[in-house]
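Laboratory data are not the source of any read-out in this text; all were calculated from the coordinates shown. Because the structure is predicted, anything quoted here is derived from the model rather than measured. Cβ placement follows ideal geometry from the backbone for every residue including glycine, while neighbour counts extend to all protein chains displayed.
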Amino acid sequence: MTTLITNVHIVSPDVEIENGSIAITDGIISAVYQAGEELPAADTTFDAKGQYAFPGFIDIHAHGADGKDVCDNNLEAVRHIAKTKLREGVTTWLPTTLTQPQEKLLEIAEKVAQYNANQEFVKTPGLHVEGPFINISKAGAQNPEFVREPNLEELQQIHAIAPALIFSIAPCQSNACEVIAGAKALGISSSAAHSEATYAEMLSAKEAGLTHLTHYGNAMTGLHHREIGMVGTGLIDDDIKIELICDGIHLAPDFLKLIFKIKPIEQIIMITDSMAGSWINNGECSLGGLEVVVENKVARLKHGGALAGSALVFDEGVGIVAGITGLPLHQIVKATSWNQAQSLGLENHGKIEAGFTGDIAILSKDFKSTATFVDGEQRF
């Protein structure tokens, strides 16, 4: 089975091809063609009409979408989010949990495992377990009722049901480094989150195996001239990857511009951190049992007003970054899929070239998703 995507502006790491074509055979990109080259016969042809083709976006941090949350704890919620994410150009998603009781987290892992058995929409190679081992003073929109001390056994129990690819933890908590080291031994990447960690504590966590910073700049110690904290760690350390919510709300546009100017693009991972309020624009929903109000695409806790995840959709974030930074798309694309694939160990993902999976996001020139292919199959 061969699918041919024609008349498309191809955007891949360090490569742009205008009026190109992409051939996908049995789910794998078999060839990429320049304008004017002879094209092979195909079973299906999709005329992109000059739009962009990006490698399918990989959202490693998203709790929900369109009224549904992973912590709703049912298979249909996971399916609905997975289907909705296709509309954003996302082809791979890590269902992301919240600080909840362990029994519920195990039940949620089971629901994700059920979807994994039939990944009919986006791919879900594993979980992002955010919390519950965080600092209560930096809980943000995480439910403080269920915050607890780091415990590797709890993580192992979840991981045994559905692979935990990323685990967000507060490095300032007692026993955190031991749990980070244990997670690394299981093949789980640890990310610093919801923490009062100092720079010294961050270095200790890195030595134990920490590799990421969760929703960078939010719910973490800020940059100060006498203690650079977690924000400073993300800027000064070129080994640590940072997650960015690129909605212009969680990080001011000027700060986004600064990050993309001084942080190696290879260490930046764009995320949505979306929750049930994405796609609804205005209204009320919940996040891990906490009431949330969404107004003009900004989600805040109903009581207290803290930012509660985001209502961002992935393709919109790409447009925001392009507008703020002015970077060429063949650089920005590294932060939408390639860096994620490298971090998660997803082979043959994140580029549009022969031998890579046929995961393709078609975007209009104003960065609106118009079609999404997963393994060469058009699913949106």
Three-way shape label, segment 122-202, alpha-carbon gyration tensor, a/c 1.5: prolate
Please rank Cys246, Cys71, fewest neighbouring Cβ atoms within 10 Å first, as an exposure proxy. Cys71, Cys246
Radius ratio Rg over Rh of the chain, counting only Cα atoms, Kirkwood formula for Rh: 0.96
Would you mind counting up the charge near Asn282? Only other residues with Cβ under 14 Å from its Cβ, with Lys and Arg at +1 and Asp and Glu at -1. 0
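State the three equivalent ellipsoid semi-axes of segment 121-161, derived from the C-alpha gyration tensor as the square roots of 5 times its eigenvalues, in descending order and whole Å.
Value: 23, 15, 7 Å, ordered largest first.
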Whole-Å semi-axes of segment 34-99's equivalent ellipsoid, largest first, each the root of 5 times a Cα gyration tensor eigenvalue? 34, 12, 9
Local electrostatic count at Pro171 - Lys and Arg +1, Asp and Glu -1, tallied over other residues with Cβ under 12 Å: -2
Using the alpha carbons of segment 60-159, what is the convex hull volume per residue in cubic angstrom, as a whole number? 93 Å³
Note, segment 48-53: 3J(HN,Hα) by Karplus (6.51, -1.76, 1.60, θ = phi - 60°), whole Hz, Gly/Pro = x, goes 7, 6, x, 6, 7, 10
Once amide H atoms are placed 1.01 Å from N in the peptide plane, what residues at a sequence separation of 5 or more from Ala371, or on another chain, have their amide H within under 5 Å of its amide H? Ile362
Distant-in-sequence amide H partners of His61 (H built 1.01 Å from N, under 5 Å): Leu94, Thr272, Asp273
Taking the dipole of segment 213-368 about the Cα centre (Lys, Arg +1; Asp, Glu -1; charges at Cβ), the one of Ala299, Leu213, Thr357 that reaches farthest to the positive side is Ala299
Using helices alone, I'd like the mean residue ellipticity at 222 nm for the chain: each DSSP H run of four-plus residues gives -39500 (n - 2.57), total over residue count, nearest 500. -7500 deg cm²/dmol
Contact order relative to length for segment 1-134, counting C-alpha pairs under 8 Å separated by 6 or more residues, stands in percent at 21 percent
Mean separation of Cα contacts under 8 Å, 6 or more apart, over the residue count of segment 57-344: relative contact order %: 19 percent
Using the Cα atoms of segment 251-380, I'd like the radius of gyration and the largest Cα-Cα distance, Dmax, both in angstrom. 16.4, 51
How high is the relative contact order of segment 263-380? Use alpha-carbon pairs under 8 Å, at least six apart in sequence, and give a whole percent. 19 percent
The local net charge around Val15, scoring Lys/Arg +1 and Asp/Glu -1 for residues other than Val15 whose Cβ lies under 9 Å from its Cβ, equals -2
Mind checking the log10 I(q)/I(0) for segment 197-285 at q = 0.20, 0.26 Å⁻¹? Debye, one equal scatterer per Cα, no solvent, two decimals. -0.95, -1.40
Using the Cα centre as the reference, give the magnitude of the dipole from point charges on the C-beta atoms of segment 57-344 (Lys, Arg: +1; Asp, Glu: -1; all else neutral), rounded to the nearest 20 debye. 540 debye
Per residue of segment 133-148, in order, report the coupling 6.51 cos²θ - 1.76 cosθ + 1.60 (Karplus, θ = phi - 60°) as ³J(HN,Hα) in whole Hz, putting x for Gly and Pro. 8, 10, 8, 4, 5, 10, 5, x, 9, 7, 6, x, 4, 10, 5, 8
Rounded if a/c is under 1.5, else prolate if a/b beats b/c, else oblate: with a ≥ b ≥ c from the C-alpha gyration tensor eigenvalues square-rooted, which is segment 327-380? oblate
Ranking Ser195, Ile271, Gly326 by how far each Cα lies towards the positive end of the charge dipole of segment 57-344 (+1 on Lys and Arg Cβ, -1 on Asp and Glu Cβ), the top one is Gly326
